[in-house]
Amino acid sequence: MPVVSTPTTLKHSVGAIDNTEVLRIRNDFPILNREVNGHPLVYLDSGATSQNPLSVIEAEQEYYEQRNAAVHRGAHSLAVEATDVYEAARETVSGFIGARTNELVWTSNATEAINLITYAFSNATAGRGGEEAEPFVLKQGDEIVVTEMEHHANLIPWQELAFRTGATLTYLPVDDDGALQLEHANTVITPQTKILAFTHASNVLGTINPVETLVTMAREVGAFVVLDACQSVPHLPVDVKALDVDFAVFSGHKMLAPTGIGALYGKAELLNAMPPFLTGGSMITTVTMEHAAYLPSPTRFEAGTQRISQAVALAAAVNYLQETGMDRIHAWEVELGQRLVTGLEQIDGIRVLGPGAGSERIGLAAFDVDGVHAHDVGQFLDDKGIAVRVGHHCAQPLHRRLGLIATTRASTYLYSTTDDVDAFLEAVAGVRPFFGVK
Amino acid sequence: MSSELQQLYQQIILEHAKLRHGAGLAETPEGDKVGESHMLNPTCGDEITLRAAVHADGQERTLSSISWDGQGCSISMASASVLSDMALSMERDELMKLVDQFREVMRSRGSLEADEEILGDAAAFSGVSKYPARVKCAMLAWVALEEALLAANSRIQK
């Protein structure tokens, strides 16, 4: 097993996370020490991508320095060690979300994971996978349901699947405040619904969707449930078995790991019945010039040489998160989220998207500044070393629904301090005066 | 406030971002050759539709009308406003040269000094060149004008 430095944060400090603990956590993240434009970096863009602790960076480096080899093939020692750490990583990450190891497929990111699901349906519809794959066959009249708040990654692959199969794409609308209009769910989720895909936590609104209610509705009509867990798995305790979803996806780079690694969770019986998406080496049993037979999940979906160092690094990231405690991380971010919204609501000309102060939200807030374009807001903040996201956050339909084109988003993580939030709020208060908007 | 940011958002830019000269697509003079272009910056959603017309009566080389409709950041809106002021009545070739010079300064990453003699009010955008992510904002209307003129021109030759 790799020898890597353990995080300097103490194992499960008792009680809630506070600024003192966060300052200790920050020591593990080299990038947070740098200056930007003459100011200490205030990184509030973790919803887009998170920063990496030393233990993650070292895990990847240690892999390349000590163990690098192709996995699942070759009899030499390095290949065995590489395979061991690769599969140990799967055990760590699947355990983190309450799944079994054969239910966690590595992908490049959540986007690829959703595409994998859609192409499995597509391939089944094209007649691949035989009898076992029949539940995944879509036909004219079948419906795929998403929500109006989806990230493009959980919308466009379904649009394309509908185009390819003749199924119809419909959606659960949101109201003027961005809340899911559940009262319409019964007319949208119908006996024709074959797939219900929705986000666990909104990357724009900060809301947590009622998974249990939606899963119950999907079960009543026999639809598969696909959960976009990109903003939940990194930030709060998630147990896919307790949620009872059929599939869930998330990205490593949003949870302290490097880019290039993500995961698909699927119930084992479903994954083993699905035709593969990417095909080629490593995912087969017997190959002739005419045909190939495929391995069971997860290898079934992992064609070609895999992202080994990234998987190892993602496991190191999960270890880091678990040592701090997901419930504690969630509680801290909820506090920061409330501080963000409360502060923003006190600034003239600011409209916060999603629930107001006092209502449930995760540790992020997107907002519009009346009279100043989001791009200009972001530029002004960057000048003070404050990194935020500007634009439509890959959710154009949601922005259009709320009457906006682009907004600014501040998003926190376990290494964010109340000082970060306060520096951000003070800077936002200076935006409209600077641009001469009254 | 850094001096770079002050350079980026010069007063003249902030004013033009509000004034938006040329905003609102205008009817073009009867018989003139009209070209239109729609430009979109997908990363931020900035958008502009620019309409330009050249005289039909023997002065094909002069702009008779320029107007635009769009939404976006202060840099893209101010740039469209300044361009509208400058472009009207300019000779087509002269205008194309101006667009090229503006582009050259924008892409210089701060290494080229903008010549006010040539660029006029557009020289105020020289601070943008130090912010590579914003160059597209400043160029949006200018590229739209190039395309619109090409479209108008292709009609002349028909």
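Structure data summary
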| read-out | value |
| --- | --- |
| The lone exception for B:PRO42 - which of (1) surrounded by 14 or more Cβ atoms within 10 Å (Cβ to Cβ); (2) under 30 Å from A:ALA395 (Cβ atoms); (3) not acidic (Asp, Glu) it fails | (1) |
| Unmet criterion (only one of (1) of a type outside the set (Lys, Arg); (2) part of a loop (DSSP other than H, G, I, E, B); (3) in contact with a helix residue (DSSP H, G or I) (Cβ under 9 Å, 6 or more places away or on another chain); (4) more than 13 Å from A:TRP106 (Cα to Cα)) for A:LEU278 | (4) |
| Single unsatisfied condition, A:ALA162 versus (1) at pLDDT 95 or above; (2) within 29 Å of A:ILE329 (Cα to Cα) | (2) |
| Residue list for the range A:342-380, restricted to those being within 14 Å of chain B (Cβ to nearest Cβ), outside any helix (DSSP H, G or I) and surrounded by fewer than 24 Cβ atoms within 10 Å (Cβ to Cβ) | A:ASP368, A:VAL369, A:ASP370, A:GLY371, A:VAL372 |
| Residue within the range B:76-96 that is away from every other protein chain (no Cβ under 14 Å), free of Cβ contacts under 8 Å to residues at least 24 places away in the same chain, in a helix (DSSP H, G or I) and not polar (S, T, N, Q) present | yes |
| Qualifying strands (runs of 3 or more DSSP E) (wholly inside the range A:140-254; at least 3 residues being under 23 Å from A:ALA126 (Cα atoms), without any contact (Cβ under 8 Å) to a residue 24 or more places away in the chain and outside the structural domain of A:LEU44 (by TED's automatic domain parsing)) | none |
| Matching residues, the range A:396-438, being within 14 Å of chain B (Cβ to nearest Cβ) and among the β-branched types (Val, Ile, Thr) | A:ILE405, A:THR407, A:THR408, A:VAL431, A:VAL437 |
| Qualifying residue in the range B:17-25 (condition: more than 14 Å from chain A (Cβ to nearest Cβ), crowded, with 18+ Cβ neighbours inside 10 Å, more than 19 Å from B:ALA78 (Cβ to Cβ) and in contact (Cβ under 8 Å) with a residue 24 or more places away in the chain) | no |
| Count - residues of the range A:14-73 that are assigned to a loop (DSSP other than H, G, I, E, B), aliphatic (A, V, I, L, M) and under 20 Å from A:HIS253 (Cα atoms) | 3 |
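Yes/no matrix, rows are residues, columns are (1) at positive phi; (2) not in a helix (DSSP H, G or I):
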site	(1), (2)
A:SER282	yes, yes
A:GLU290	no, yes
A:THR305	no, yes
A:TYR320	no, no
A:GLU333	no, no
A:GLY337	no, no
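Conditions (1) of a type in the set (Phe, Trp, Tyr); (2) within 14 Å of another protein chain (Cβ to nearest Cβ); (3) free of Cβ contacts under 8 Å to residues at least 24 places away in the same chain; (4) surrounded by fewer than 20 Cβ atoms within 10 Å (Cβ to Cβ), marked per residue:
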{"site": "A:ILE25", "(1), (2), (3), (4)": "no, no, no, no"}
{"site": "A:ARG34", "(1), (2), (3), (4)": "no, no, yes, yes"}
{"site": "A:ASN68", "(1), (2), (3), (4)": "no, no, no, yes"}
{"site": "A:VAL80", "(1), (2), (3), (4)": "no, no, yes, yes"}
{"site": "A:LEU116", "(1), (2), (3), (4)": "no, no, no, no"}
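The values are calculated or read from the model by the stated rules, or taken from the named source; none is laboratory data. From a predicted model like this one, the values you see are computed outputs, not experimental measurements. Methodologically, a virtual Cβ is constructed for each residue, glycine included, from the backbone with ideal geometry; neighbour enumeration extends over all protein chains shown.
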